[in-house]
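This report refers to the structure that appears directly beneath it.
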Amino acid sequence: MVKKVLKFGGTSVGTSERIQHVAKIIKKERSLGNKIIAIVSAMAGQTNELLRLSKEISEEFNKRELDVLLSSGEQVTCALLAGCLINSNVKAKSWLNWQIPILTVGEHSNARIINIHIEKINKYLNEDGVAIIPGFQGISKNGDITSLGRGGSDATAVAVAKIFNADICEIYTDVDGVFSTDPNKIPVAKKIDKISYDEMLELSSLGAKVIQSSAVQTAMMYDIPLEVKSTFTERKGTKIFSQENIDYTKSVTGVAYSKDDAKITIIGVEDKPGVAANIFEPLSKAQINVDMVIQNISSDQKTTDITFTVKRDEVSKTKKILKGNNEIIYKEIIENDKVAKVSIVGAGMVSTPGVTYRMFRALSDEDINILAISTSEIKLSVIIEEENILKAIKKLHTIFDLD
Ligand code: ADP
Ligand code: ASP
Ligand code: MG
């Protein structure tokens, strides 16, 4: 007997037929004698639709009420799946986040699970029931409903796996596993059989939405074995675990991309100590996440240009803060929000010289200009014009032997 957490994403529960199919997967697991906690997302497209409705009321929709609204998507799929299992003679019951409760801290739309009460659900599992829990949500210490950020059902699954001491957490989705790059964009992408937490964390933070990065981070912290697999095929998925268990034959494991970046350049800033701190401190206080930063060498020893990237939807807030900042003197601010970030990730990079220049050469062969660069031990990211993104991913995928 194994205790398993099974998470089903939006496409997997996107129609009543698919929910019936998910019920069959759970029934099979039960017939093997496993204890099952299922985490469900809202039906595909539902969270976007609820967001759209809130924007029809107001672009600045109240954050508390937005979480009440968005959490309803998962309530629907919980009930449909539990009802479906009961009809198939499988003992099952759904719980809403506040009935458990799932306790969170942090802001609305970006909360984090800190605890889950386990007694009721453990008792139910011991009575051979399947527990169905909504992903993506919880309640704050004031009793308000919170949500965990987009893709947050993965975070719920990993937190549940940890707190219930599950043997494994399986993420069921609409692709066969984690691929060398998005298989829906690059059809020659290959499925990866095993990947380390570190690499998966880089890939998902850099745009591979197959699993949410905070979920990977929690799994890594508590050494929770993860498997990403398809709801629709029986093919073997991708196992995610710690690095010692993996042999690296390739320098690069995967290519990730994101199209939600923007580049801001402050031209003619005074070149003296403290200026960078004066620019970035107010941004960080306003919760704006600055990614890459480049400061040009000052040609006249008096002024310089500082370029940095932020998420595209934070450009206007960033500019407003910069313009209202009396601590800095500059000539002008320019922005480019038609940029994208392409990254190569691989634990094998540490022991392979020349990866950096091969990436730059490959992009230059395709006439792609690099606008900013950032590196870590196991990743290399560049900002390029958005129109070049597909060309760049294809080229990098090929030259690093991933096709
Ligand atoms: P779910 O609704 O099941 O949570 P998501 O849409 O959040 O599914 O994530 C699955 C999607 O992630 C796939 O359909 C695929 O297009 C995308 N994706 C991006 N990068 C990768 C990658 N490296 N490997 C697999 N899928 C990826
Ligand atoms: N339904 C939420 C979303 O679309 C959470 C999830 O699917 O993981 O972001
Ligand atoms: Mg997802």
*Beta carbons within 10 angstrom, averaged per residue: use that to sort the peptides 82-91, 225-234, 66-75, highest first.*
66-75, 225-234, 82-91
_Net charge dipole size for the stretch 250-400 [Lys, Arg +1 and Asp, Glu -1 on Cβ; Debye, nearest 20]_ = 340 debye
*Once the piece of chain linking Asp300 and Met221 is laid out straight, how much longer is it, given 0.36 nm per residue of separation minus the C-alpha distance between them?*
23.6 nm
_Backbone N under 17 Å from the Thr15 label point (7 Å along Cα→Cβ), restricted to the stretch 159-175_ = 174-175
*Which of these, Met359, Met221, Met200, has the largest mean-square fluctuation under a Gaussian network model of the chain (Cα springs below 10 Å)?*
Met221
*Sticking with the crude label model, points 7 Å out along Cα→Cβ, report the distance from Asp403 to Glu49 in nm, one decimal please.*
4.1 nm
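Highest mean first, what order results for 153-159, 11-17, 267-273, 136-142 on Cβ atoms within 10 Å?
Details: 153-159: 29.4, 11-17: 17.3, 267-273: 14.6, 136-142: 20.1.
Put in order of decreasing packing, that is 153-159, 136-142, 11-17, 267-273.
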*asked:* Helix 355-365 against the longest principal axis of the chain: what's the angle in degrees, Cα atoms only, rounded to the nearest 10?
replied: 70 degrees
*Compute the long axis of helix 389-399 from its Cα atoms, compare it with the longest principal axis of the Cα atoms of the chain, and write down the angle in degrees, 0 to 90, nearest 10.*
80 degrees
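Between Glu65 and Thr249, what length in nm is gained on full extension when 0.36 nm per residue of separation is reduced by their alpha carbon distance? Don't skip to the answer; put the middle values down first.
Details: separation 184, 0.36 × 184 = 66.24 nm, distance 5.00 nm.
Full extension of this stretch gives 61.2 nm more.
Which of the peptides 281-292, 26-37 is most tightly packed, and how do the rest follow, going by the mean number of other Cβ atoms within 10 Å of each residue? Before the final figure, lay out the partial values.
Numbers: 281-292: 14.0, 26-37: 16.9.
Result, highest mean first: 26-37, 281-292.
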*asked:* Test of understanding: extend the Cα→C-beta vector of Leu390 to 7 Å, then name every residue of the stretch 229-261 with backbone N under 20 Å from that spot.
replied: 255-261
*Carbon + sulfur, % of accessible area of the stretch 91-130 - ligands and nucleic acids excluded, 1.4 Å*: 51 percent
*Rounded to the nearest 0.05, what FRET efficiency do Val350 and Asn87 have when you use their Cβ-Cβ distance and R0 = 60 Å?*
0.70
*So how tilted is helix 46-57 from the main axis of the chain? Cα-based, degrees 0 to 90, rounded to 10.*
60 degrees
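For the chain, what is the accessible area per residue in Å², given a 1.4 Å probe and the full set of protein chains?
On the way: 19420 Å² over 403 residues.
Per-residue accessible area for the chain comes out at 48 Å².
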*Where a Cα-Cα gap under 16 Å defines reach, which lysines qualify for Lys250, not counting those fewer than 8 residues away within the same chain?*
Lys190, Lys191, Lys194, Lys379
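The values are calculated or read from the model by the stated rules, or taken from the named source; none is laboratory data. Bear in mind the structure is a predicted one, so any value in this text is a computation, not a measurement. Note that we place each Cβ from the backbone using ideal geometry, even for glycine, and neighbour counts take in every protein chain shown. Note: areas computed on protein heavy atoms with side chains; ligands, DNA, RNA excluded. Shrake-Rupley method; radii C 1.70, N 1.55, O 1.52, S 1.80 Å.
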